[in-house]
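The values are calculated or read from the model by the stated rules, or taken from the named source; none is laboratory data. The shown structure was predicted, so the numbers you read here are calculated from the model rather than taken from an experiment. Cβ placement follows ideal geometry from the backbone for every residue including glycine, while neighbour counts extend to all protein chains displayed. Ligands, DNA and RNA are stripped out before the accessible areas are found, and what is left, the full protein with its side chains, is counted by its heavy atoms. Shrake-Rupley method; radii C 1.70, N 1.55, O 1.52, S 1.80 Å.
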Amino acid sequence: MKLKMPLMVVFLLLSSVTSGIADYLRPLPREDIEFHWKPRHSSLPQQVHISLAGEKHMRITWITEDESSPSMVEYGTLTGVYTSISKGESTSYSYLFYNSGKIHHTVIGPLKDNTTYFYRCGGQDLEFSFKTPPSQFPVTFAVAGDLGQTGWTASTLDHIHQCKYDMHLLPGDLSYADYQQHRWDTFGQLVQPLASTRPWMVTEGNHEKESIPLLKAAFESYNSRWKMPFKESGSNSNLYYSFEVAGVHVVMLGSYADYDEYSDQYEWLKMDLSKVDRKRTPWLLALFHVPWYNTNKAHQGEGEGMMSAMEPLLYAAGVDIVFAGHVHAYERTKRVNKGKSDPCGPVHVTIGDGGNREGLAHKYIQPTPEWSVFREASFGHGELKIVNSSIAFWSWHRNDDDEAVKSDQVWITSLATSGCLMDKMHESRKILTAP
């Protein structure tokens, strides 16, 4: 009996794992392109991407197969001339029978605003370049969630490449690796041409979870590969954080981290929002994965718990726009709060249409609620150009059209200049500072 118990435990674990990932081990649909991993010399940087790391600093992330490769970045403002050098840290992880390469994270700076930098990683000759965001308006964000690795993904990235933008915002579901760890590598290779040249600021979705009961904690792969500035923003988790760029404060929340009023995320959000200075950052954005306002039949009601807990905080702080993913379609609302139109609430945009392998969500609730302005099940991306402290222009672009074609567009006025914040100043202070 003593000899059989471990075998029984192993059997139960394997059964749990098999049932949990069987759906992701099925043959890939026709729309899903198998982007094959192309190994290079073991010391060459691979899967390079960049992200903000506090004021005037950038985090460079890359992977090497050579464990002795240094976590070092040389950089400067002229090609081939590297006047500065920074050393960082590295990590790696194992996942069942998979072992990652050496994952390097190196922060460089201070950097000049709106400036092109040339850089190389690990002392190798391969040169990359990026452009830092501006310090003042205008500033433009490319927005697309639920990317995956399909032909539609490639089309989305090509469209984004054609637009002029300063930063990519991604509200969850990156690689759709779904336990198959080599697909994290192919995703990193796929996005490197864009992600190495502009900062990618991301938050987690359900496809990043990849937990295995008793064997693997959730988000290990995601946290190892996509390190965001959570420490720099006072958060204790890579699953939620904030940052500022130009005159915009952006809050990245975790739909899959605890969010009730007793949670660390809730307390951190109150603290973060209470410190926002709308004179310095007149625009306030929020991103998370599961939408709160959704008229698609897919994923109905999944965001209600988080909405119940956190919508009062976002409303009190005067958040201007909320971006979400998860639903594989596009939708834009009026300004809303508590389930109905409210001129002092945020505009909600669902943009989980980046190209994932699961396809589009075509079925919508009828009749259309009064707060839903535009909805369509097509792959695409969005662009948010914040022109000045008062006005921003939002547009959505289908992959089926040329990049310049705007399928949905709207001018948005900041709540900081609308009078709404003055009207609810007392309420805001009360809810954001309450113990």
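A few remarks follow.
- Peptide ranges 351-359, 375-383, 388-396 listed from the most packed, as the mean C-beta count within 10 angstrom indicates: 351-359, 375-383, 388-396
- Distance from the Cα centroid of the range 325-355 to that of the range 366-424 is 9 Å (rounded to whole angstrom).
- With pairing defined as another cysteine C-beta under 4.7 Å, the cysteines of the chain that fail it are C121, C163.
- Model label zone, T417; criterion: amide N under 18 Å from point 7 Å along Cα-to-beta-carbon; scope the range 275-308: 277-285
- For the listed peptides 223-233, 78-88, 321-331, a ranking on the average number of other beta carbons within 10 Å per residue, highest first, reads 321-331, 223-233, 78-88.
- Surface exposure of the chain, expressed per residue as accessible area with a 1.4 Å probe, stands at 43 Å².
- Taking 12 Å as the cut-off, the amide N atoms of the range 117-150 that come nearer than this to a point 7 Å along the Cα-to-beta-carbon line of S84 belong to 117-119, 132.
- Peptides 414-422, 167-175, ordered by how many other C-beta atoms sit within 10 Å of their residues on average, highest first, read 167-175, 414-422.
- Cα centroid separation, the range 80-116 to the range 185-225 (Å): 15 Å
- Semi-axis lengths (Å, descending) of the ellipsoid that matches the C-alpha gyration tensor of the chain: 33, 28, 22
- Taking 0.36 nm per residue of sequence separation and removing the Cα-Cα distance, the D277/D402 pair yields an extension gain of 41.1 nm.
- Alpha-carbon centroids, the range 272-323 and the range 42-68: separation in whole Å: 31 Å
- Taking only the Cα atoms of the range 38-132, the ratio Rg/Rh comes out at 0.99, with Rh defined as the Kirkwood radius.
- Computed about its Cα centre, the charge dipole of the range 38-132 is approximately 180 debye, with only Lys, Arg, Asp and Glu carrying charge at their Cβ.
- Here the chain has 55 percent of its accessible surface on carbon and sulfur atoms, given a 1.4 Å probe and all protein chains in place.
- Accessible-area value, Y293, 1.4 Å probe, nucleic acids and ligands omitted, Å²: 10 Å²
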